[in-house]
Structure formats: structure tokens, C-alpha cells
Amino acid sequence: MKKWNNKLITASLSILLVFFACEDLDELNINPNQPAPETTDLNLLLPTMLTDLGGRIVDMGIGDLAGVMQHTQKTGWSGGHNSYDWNNPGQSWSSFYGILRNADEFYNKAVDGGFEYHQAVALIIKAYAYGMIADLWGDAPYSQALQGDQGINKPVFDSQQDIYHGILEDLKTANTILSTSGSLAINSTQDILYGGDVSKWRKLANSLALRYYMRLQAKEGSFAEAGIVEIASDPATFPIITSASDDANIGYPGNAPNTSWPITMQYSPNDVSSEYLRRKPCATLVEALQALNDPRIAVWFEPVEIPLELVGGTGVDQTVNGVRQISSDVEQAFLDNWADETDLYVDYDQEYVGIPPGTFAAQAFNLTPNYVTQGAYNPHTSQLSLMYAENSGDLLQMRLMSAAEVNLILAEAALRGWAVGSDAETYYEAGVEASLTAWGVDDEYSTYIAGGAAYDGTIQQIIEQKWIASWTAAAESWFDYRRTGFPTLQAGPSGRRDAIPLRFYYSLNEDLATNTDNAEAAIENLEMTSFASPDSKNSAWSKPWLLQGTGLPY
């Protein structure tokens, strides 16, 4: 876990302001404010790229994708989070292409200067960012992206398949470079991820390759198997992240709003509609953790401050010894306010209570005393852990890749019969233990693995543990859900469709307005599902290439 140096932050943010100024595809490929290669400090680009990438993963992981994957729900301004209200004007990929412009500059300067280590790091960052773009949207500018200086201002959209294959080649190249370039290490102060440790960057490259080979499992099974087997069977050539101590995490300094955990309340402690207070645990995750007696629940969530208790009589609504007692007629009056939600309920759990997914009653759930106020505090539901209201902390990390994910990928591969060096149960248990270690509850591993989390030999269990382990990094669990159908999730009544969305919309304001022909060609490659209407093919419920023909997740 690394924290940023204060002077480094100032320099990095200055460069970020210079580099990050695009809003459409023309600007993605030519930036008039970009410093000339001969005058830009190569090292200062690295922390900019890393913090921008890590911040984007966190923003999605506690933002709208946490809503999609039912990690959290919002109790105010919740349309995009709880209901997938995304399509006007759609989602922008400009932040990812901003990262890529910096990475491209970084790579070119590294080539010019003969800095092999830097070249490899740039390839890894580019692979990560392009992979996220392909995952989130589908076809996208790749082979012609970032070439405005060569007159390519309207790049073609490469196929999702070609992007995946391209980044896998880049990751293999990066691993090869790093295996022979130990004398050209970067300044450890500038490398806020791994402190200049070549071996850990190699592990990240190969672990990301495992992620993307498994991404292709349902579409190119033989190719995916061969790639994963090659890596898993030769750890000397392809080292991977197997221990939580090697997790790709970046910490926050917490000395200013833009260097702090994104939903901190420290700069607005009296804001009753703050990002922290509006986010509540989702009942789907809370109940899954409770069923497993999962120790991570106490790390992530606060117990209910004032539990509810159903008592006899009529007209009873009183608080006794810290418990709010209500009679059945009071309960029914609450439910009658939301008569169209036939499955709404009152949760009397005395420890942890989450908000049901996609409920119209999110603000009012469980008899919120002041439910007309957006994001009002509700003593009858759980809050996120108080640490998430802080600026920084040991567990407040930008989590890019973890040993838990890697081991659970290998568990799935082993269960599918692929020769990855060990059996599925061994990898599964290693993945679970790595996640508990990352969250500081590894002392409870033996009890957990002998109880509710005992290995049952199913893909579903492996993917559900990945879903749990992806807390604050929910994008990865969304991608797993799409290709496997696990965990089993149902859209709530407020959802724009009766199914979980599958992709981001191409932006009306960017792609369709400025690179129309190429964007429309990419849209034609999408496949509409029964949930896509009344959208065009450019729908969050259309299938990109990766899902077409798989029958998954629906």
C-alpha cells in the first residue's frame, strides 16, 4: 500500500490538468495543450496515470456499478445507481482515454530514452485502460486511437475481440521486458503503486492476463484455456499475484479533497445529503454475508443504530432501551404508502439491515423518520462503515487487482478441468483467505472456511466469492456476472428494465455526435436482447460480441 508524496501530488495534478481536457473523439486524438515530449518530465506522468486509473475504478466500484451489482443502494439522487438510468446522454469514456494519452506519451518518451522498465509499465497501464473500455462499451477506438497528430481524428472502432487480443499481447510483451530490465528501474518515489519493484509489476501484468483470458472463456474457450495454462504452469516465467501483500492497491494521502477517499465527510461534516450518507449497504450483499457468517460484514458496515421490533397491540410506535417497537398496523401503514411494491417488507434484523435493490422506497425504507429529505440519516438501516467517511485509512484503497481475484480465477479454471497446477478447492480457499487478509480479518479464516464458506465444488460459489471480494471494485464482478450469470441478481421495481444491464451506452454527446459513422458501425455490431427496447441497439441491455451466442446472463 502506497501513499502519495505531497510535492508529487502537486506536480502530478498540474500535469493532469494539462492532459485531461477532452470531451469528444476528435479531442481524444489531438490535444493542443499536450506538452512536447522533449520538455515533459517522464517520471511525473506515472503517478498521474496511476491515480487517475485507480480513482476511476473506485468511482465505479462504489458508484453506479456498486448499484448494479447490489453492493450498495442510494437513498437520494439514486436514478443512475439503483435504477440504471444511464442513457441520456450515456456514459463518457473520456477519462479512460485521458489515461491512455498520458500512457502513450509515457511510452513514447520511454522508447526515445531507452527506458525499458517504463515501456513495460506503460504497456500494462494501457492494457488495463483499454481492457476497461472494451469491457464497459464493447467495440471502441484502439488501433487508430491517440493519433490526432497523424491526422486521424475520427478513429475506427476496433472489435471488442481484437482489443482483448491486443492487450493480451501487450501484457506478454511487458512481462518479457520486465524479466530482462532490472537495471533500468523507475524512481521508487514516482511509482506510487509498487515503489519501483519490477517483480510486482511482472505479477500484475500476468495477473491481468489471467483476468482477460478468463473473460474470453465463454467465447474462445480453447484460447482462454491455453493462455491460462501457460501462465499457471510456469511461475518462473509468468509470476502472478498470489498473496495479499502483492495486491495492486494505492492509498490516499487525505490532505485535500482531491487526494482523499471520494465520499469522505471530513470537508462537509454537516452535509446531511453527502455522498457518504446517501450510500447504504444493499440487502442482497448484507443477506449473503449474513448467511455465510462472513466477518467482512463488520468491516464494511455499521450495525443498525436503532433496530425495529414488532410487538402486539395497535398504534404502538415507541423506542424502548434503544429499540423502536412498532405494532403491525404501523408496519402496514408504511407498506400501504408503497402499495405498488408487493414484495416490500420491514426488516427486523437486530444487527445489519440493507436497502432492497431498486426499491422506490429507498429513502423511506424501514420507517425512516424523515424520509422526505434526500439522503436523510436512517437509524433503522445500516450505514457504510464510519471509515468510509474519513479522508484516508489503511483499508481505503484504490484496488486494481488482488490475490483473491487471481486465486479464484485459477479455482474456476481448475474446476473447468484446465491444467493449472492445483485443484479448485486449494485455489478457492487461497482466494477466500487472501480477501480476508486484505480486509484485516484473516484470523477468522479457519472458522469461516469450515462453516458457511466451505467449498462446494460449484462455479456459482467461486463467482459469488469473487463478487463479495470485489467490494469497492464492483466493475470486475459485473463482468463476471455477464459471462456466468452469477451471482443470481434480480432488478428491482424501480429499474429501467426487468434485468441487470450489460454495458454502457455510447455517448450521444461524444461518439455519436463527433465520430458518427464509426460509432454507428459499432452499434450495428451489438445484439439487442428482449430488454433493450425501447432503446435502439445502443442500449445497456444489448449484447456486445463477448456475450453474443452464449445465452448468458440471459
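The values are calculated or read from the model by the stated rules, or taken from the named source; none is laboratory data. On a predicted model such as this, the values are computed, not experimentally measured, just so you know. With ideal geometry, Cβ positions are generated from the backbone for all residues, glycine too; neighbour counts draw on all protein chains shown. Accessible surface is based on the protein model in full, side chains and every heavy atom, while ligands, DNA and RNA are left aside. Shrake-Rupley method; radii C 1.70, N 1.55, O 1.52, S 1.80 Å.
Things worth noting here:
- Residue (of Trp541, Gln73, Gly254) at the positive-pole extreme of the chain, dipole from beta-carbon charges: Gly254
- Taking 1.567 mPa s as the viscosity and 4 °C as the temperature, the Stokes-Einstein diffusion coefficient of the stretch 328-458 based on its alpha-carbon Kirkwood radius rounds to 70 µm²/s.
- Rounded to the nearest 10 degrees, the inclination of helix 94-113 to the longest alpha-carbon principal axis of the chain is 30 degrees.
- Nearest-ten-degree value, helix 459-469 long axis tilted from longest Cα axis of the chain: 90
- For Val299, Val121, the ranking by accessible surface with the largest value first comes to Val299, Val121, using a 1.4 Å probe.
- Across His81, His165, the residue with the most accessible area heads the list, and the full order at a 1.4 Å probe is His165, His81.
- Those residues of the stretch 365-405 whose amide nitrogen sits under 15 Å from the label point placed on Trp77, 7 Å along Cα→Cβ: 373-376
- Within a straight-line Cα-Cα reach of under 18 Å, Lys109 can be paired with the following aspartates and glutamates, leaving aside sequence neighbours fewer than 8 residues apart in one chain: Glu38, Asp41, Asp149, Asp170, Asp191.
- Placing unit charges on each Cβ (+1 for Lys and Arg, -1 for Asp and Glu) gives the chain a dipole about its Cα centre, and among Ala209, Ser143, Ile459 the Cα reaching farthest toward its positive end belongs to Ser143.
- Centre-to-centre separation between the Cα atoms of the stretch 180-259 and those of the stretch 328-357: 45 Å.
- Note on the chain: dipole from Cβ charges, positive end direction compared against Ala413, Thr342, Pro235; the farthest Cα belongs to Pro235.
- Using a probe of 1.4 Å, the accessible surface attributed to Ser268 totals some 40 Å² when neighbouring protein chains are kept in position.
- Total charge dipole magnitude, the chain, about the Cα centre, Cβ charges on Lys, Arg, Asp, Glu only, Debye to nearest 20: 640
- Contour excess over end-to-end distance, with Cα ends at Arg416 and Asn187 and 0.36 nm allotted per residue: 78.2 nm
- Gyration tensor analysis over the Cα atoms of the stretch 323-374 returns equivalent ellipsoid semi-axes of 16, 14, 12 Å (largest first, whole Å).
- Taking the longest Cα principal axis of the chain as reference, the axis of helix 283-292 is set at about 90 degrees.
- Lys537 accessible area, 1.4 Å probe, all protein chains in place, Å² to nearest 10: 60
- Mean shadow area of the stretch 83-179, taken as a quarter of the surface of its Cα convex hull (nm²): 7.2
- Rounded accessible area of Val320 (nearest 10 Å², 1.4 Å probe): 60
- Convex hull of Cα atoms in the stretch 380-527, direction-averaged projection (nm²): 13.5
- Hull-based mean projected area of the stretch 183-244, where the convex hull spans the alpha carbons, in square nanometres: 5.2
- Long-range Cα-Cα pairs in the chain (distance over 41 Å), rounded percent: 21
- Note on surface exposure: Tyr107, Tyr252 rank Tyr107, Tyr252 by accessible area, highest first, 1.4 Å probe.
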